[in-house]
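Before any comments, here is the structure.
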């Protein structure tokens, strides 16, 4: 797939089929992720692949409760408050796979993992898969309880929880704002 088409066409997918994602395909996505640049070429990322739906359901419930308990009132819109309070809302949209990209070094951890995540999401789109970065899970997964739920070492910093699966339909294109560009010289 042409890179420009992949960049323009990739969307956050929140509606998946129950079809499993082949392990070899997941490994290809991770291989694409590790091709990302990293500060001083440290390549500090680690990948945790979760396909256990019962575990994802448990983490969804715990992460929603954590976000509601730790977010100051009024910081999230009423839409998000309602969504996170809904027992039936599953944070991972019942996607068959969660790939959690974590960093294991203190410098530019977030930036490095975000670069790897973008590569993974573009590669998934090129393979006909959908992805979505689940920001609501990120904070919880970085707590001792969240790390324990996934068996992550304390020194790892979870950065990018990316769900992956076969989309039920293609998300609609969205309009993008014109960039604000400040030219100097």
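Of note:
- For the range 43-55, the set of residues classified as in contact with a helix residue (DSSP H, G or I) (Cβ under 7 Å, 6 or more places away or on another chain) and at pLDDT below 95 consists of 44 only.
- From the options 128, 185, residue that is on the phi > 0 side of the Ramachandran plot, part of a loop (DSSP other than H, G, I, E, B) and within 19 Å of the chain's Cα centre (by Cα): 128
- For the range 28-55, the set of residues classified as assigned to a helix (DSSP H, G or I) and either at positive phi or surrounded by 12 or more Cβ atoms within 10 Å (Cβ to Cβ) (or both) consists of 28, 29, 30, 31, 32, 33, 39, 40, 41, 53, 55, listed by residue number.
- Of residues in the range 56-80 being crowded, with 16+ Cβ neighbours inside 10 Å and touching a helix residue (DSSP H, G or I) at 6+ places or on another chain (Cβ under 9 Å), the one farthest from residue 34 (Cα to Cα): 76
- Scanning the range 154-171 for residues that are farther than 17 Å from residue 95 by Cβ, part of a loop (DSSP other than H, G, I, E, B) and in contact (Cβ under 8 Å) with a residue 40 or more places away in the chain yields 155, 156.
- Residues that are surrounded by 17 or more Cβ atoms within 10 Å (Cβ to Cβ) and without any contact (Cβ under 8 Å) to a residue 40 or more places away in the chain, drawn from the range 143-153: 147
- Any chance residue 7 is part of a helix (DSSP H, G or I), under 18 Å from the mean Cα position of the chain (by Cα) and either surrounded by fewer than 14 Cβ atoms within 10 Å (Cβ to Cβ) or free of Cβ contacts under 8 Å to residues at least 12 places away in the same chain (or both): yes
- Residue list for the range 83-109, restricted to those being touching a strand residue (DSSP E or B) at 6+ places or on another chain (Cβ under 9 Å) and not in a loop (DSSP other than H, G, I, E, B): 97, 98, 99, 100, 101, 102, 103, 109
The values are calculated or read from the model by the stated rules, or taken from the named source; none is laboratory data. Because the structure is predicted, anything quoted here is derived from the model rather than measured. Cβ sites come from the backbone with ideal geometry, for glycine too, and all protein chains shown count toward neighbours.
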